[in-house]
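A.B. asks: I have a structure I would like to understand better, so I am pasting it below and will then ask my questions one at a time.
Since every read-out is calculated from the coordinates, none of them should be taken as a lab result. Bear in mind that the values here come from a model prediction, so they are computed numbers and not experimental data. Neighbour counts run over all protein chains shown; Cβ positions are idealised from the backbone, glycine included.
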Amino acid sequence: MTLVLDNTPPGAPHAFPVAAVPALPTIAGMDRVGLTAALDRIGVPAKQTRMRVNQLYSWLYVRGVSTFAAMTDVSKDLRAKLEANYSLDRPEIVTEQVSTDGTRKWLLRLPRLGHEARAPEIETVYIPEMDRGTLCISSQVGCTLNCSFCHTGTQRLVRNLEAHEIVGQILLARDRIGDWPGASPPGDGRLLPIADRKITNIVLMGMGEPLYNFDNVRCAMEVASDGEGLSISRRRITLSTSGVVPEIPRWGDEAGTMLAISLHATNDELRDKLVPINKKYPIAQLLQACRDYPAVSNARRITFEYVMLKGVNDSPADARALVKLLSGIPAKINLIPFNPWPGTDYECSDWGQIERFAEIVNNAGYASPVRTPRGRDILAACGQLRSESVKLKASERT
Ligand code: SAH
Ligand code: SF4
């Protein structure tokens, strides 16, 4: 595997040439059901399918190959057929930006679906830290919800991502940072021990409300967590939701990942303004769903995200109300300094105010790391993600 070295200066977007002609449909990112159907379509006999799917699955998700030619235990005949009908394309890179702190953000272009006038765009972010590497992936192009402090919320929903497009973000990130077997040291072909992996965690905290694209996100997380493939444990996958209450128990039963809740306020009056889905599913219902979330325990706590907005939700009284509200729920509190974006009226709380808030929460026994803003210089931090898909549409109308 070749790792393309990126010599772009920190912060500057690195533009990639964009393919003009839509390629063959990709099978990269598909689950076993999708791969089975793809093999059926090209006439692979039913009695062989299982074995062939296992081979493909391993090449795609253990080795990370991006050509059919590399699949050396697949017969030449079948490789040729695969090549003639399918590709192993990942989402197309429009730009890649590397922050001064090592965070990488990709603007990715997805293939157009039949009815779409333009190819939609999404963003994916990789955040390296001392003890882990987290990949923040998108589940929708834009978002139907309009949280007032979120940049993505200003972008109208363009569409849900297909399951393979969600997995495709993981494949692409592994390609780009050299996180497949044999990538380091180059070309020795070894399997990469899990301990050496760069991407250790996945958070569904990019663009979109993942529970509004439930089936595709669930299918993608099955592929991501499959021990015979990408092998990212469900305990290292966190789905963040603004509070789609009816889907929370179903997600717990069917996907069983870690859960994060975008709380941001401790009373319904304020949360209605910040996170408008609260009008439909108020705080009491949301917290009940958290109490009932399967397998929640002190070892498997729910993360409550709380964005620090100056003069809005950041007083010591708010901190005390937060502690009271969460009592009895195994919880971690994640204080997120507000990340500004062009056109917002909100400001980030002063550092002293954040520290006072954190102290009250810590004294009440909650681990409450303040999330260090990462990749601010490339607008890769929480809530700053917003692709240009809508702008393009607007310009088309004029
Ligand atoms: N839609 C999902 C997941 C994506 S947003 C959700 O809302 O949970 C990931 C996190 O970033 C959420 O907690 C969200 O509230 C927060 N966020 C959004 N805009 C932000 C901003 N400008 N600054 C800081 N955090 C923000
Ligand atoms: Fe959508 Fe989450 Fe942004 Fe709210 S915070 S608008 S749910 S992406």
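A.B. asks: Just need log10 I(q)/I(0) for the stretch 32-85 at q = 0.15, 0.19 Å⁻¹, Debye formula, equal scatterers on the alpha-carbon atoms, no solvent, rounded to two decimals.
C.D. replies: -0.35, -0.58
A.B. asks: Mind pulling the per residue volume of the convex hull built on the Cα atoms of the stretch 94-396? Å³ is fine.
C.D. replies: About 141 Å³ per residue, rounded to a whole number.
A.B. asks: May I ask for the net charge around Ser297, where only other residues with Cβ less than 14 Å from the Cβ of Ser297 are counted and Lys, Arg are +1 while Asp, Glu are -1?
C.D. replies: Surrounding charge for Ser297 is +4.
A.B. asks: Quote the Stokes-Einstein diffusion coefficient, in whole µm² s⁻¹, for the stretch 311-361, based on the Kirkwood radius over alpha carbon pairs, a temperature of 25 °C and a viscosity of 0.890 mPa s.
C.D. replies: Estimated diffusion coefficient is 203 µm²/s.
A.B. asks: Which pairs in the list Lys198/Lys279; Lys47/Lys198; Lys280/Lys310 are over 30 Å apart, alpha-carbon to alpha-carbon?
C.D. replies: Result: Lys198/Lys279; Lys47/Lys198 exceed 30 Å.
A.B. asks: When Lys and Arg each count +1 and Asp and Glu each count -1, what net charge do the other residues less than 9 Å away from Tyr126, Cβ to Cβ, add up to?
C.D. replies: Spelling it out: positives minus negatives among the neighbours equals +4.
A.B. asks: Now, a different point. Would you mind counting up the charge near Asp268? Only other residues with Cβ under 13 Å from its Cβ, with Lys and Arg at +1 and Asp and Glu at -1.
C.D. replies: So the environment of Asp268 carries a net charge of +2.
A.B. asks: In addition: Can you give me the Cα centroid spacing of the stretch 45-69 and the stretch 278-321 in angstrom?
C.D. replies: Spelled out, the Cα-based centre of one part sits 43 Å from the other.
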